[in-house]
Amino acid sequence: MTKMEYKKALSSYPEALTASEVAEILRVCTKTVYKLIRQGEIPAVKVGRENRVSKSVLISYLRNKDKGGPNPKCVCSENSAGAVWTSGRSCGSVCGAGEVGGKERSA
């Protein structure tokens, strides 16, 4: 979706969204929204005891999620044959000697 399409779809919401409004838009529970805020994936401002998320920030978050990354987080290829390595931080894969072509083990 384009930025204008998101703006049109969210036109009934205020410019500063509560966690429950963000949860409604993303169709997740409020716990998930608080987790995303805590992890810094969705920037928020604390107003009193509540978090507020700018509608434009949420639109940017949604657009970035739509695009997806052009590169996978980890790849096991023939060039890595014979080596044992792990990328547990990014995808949890462990690749051992001779394991190539999608035959990785999950950690």
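How much area per residue is accessible in the stretch 1-73 when the probe is 1.4 Å and only protein heavy atoms are counted (Å²)?
Working: 5300 Å² over 73 residues.
Accessible area per residue: 73 Å².
Accessible surface of the stretch 1-50, 1.4 Å probe: 53 percent of it comes from carbon and sulfur atoms. Where does the charge balance sit around Met1 when Lys and Arg score +1, Asp and Glu -1, over other residues with C-beta under 13 Å from its C-beta? My count for the surroundings of Met1 gives +4. Residues whose amide H falls under 5 Å from that of Leu17, counting only those 5 or more places apart or on a different chain, are Val53, Ser54, Lys55, with hydrogens built in the peptide plane.
Apply the Debye scattering formula to the stretch 1-63, with a single equal point scatterer on each alpha-carbon and no solvent, then give log10 I(q)/I(0) at q = 0.15, 0.16, 0.18, 0.27 Å⁻¹. Normalising to I(0) and taking log10 leaves -0.40, -0.46, -0.58, -1.27.
The values are calculated or read from the model by the stated rules, or taken from the named source; none is laboratory data. Just so it is clear, the model here is predicted, and its values are computed rather than measured. Cβ atoms come from the backbone with ideal geometry, glycine included; neighbour counts cover every protein chain shown. SASA here: full protein model, heavy atoms, side chains in, ligands and nucleic acids out. Shrake-Rupley method; radii C 1.70, N 1.55, O 1.52, S 1.80 Å.
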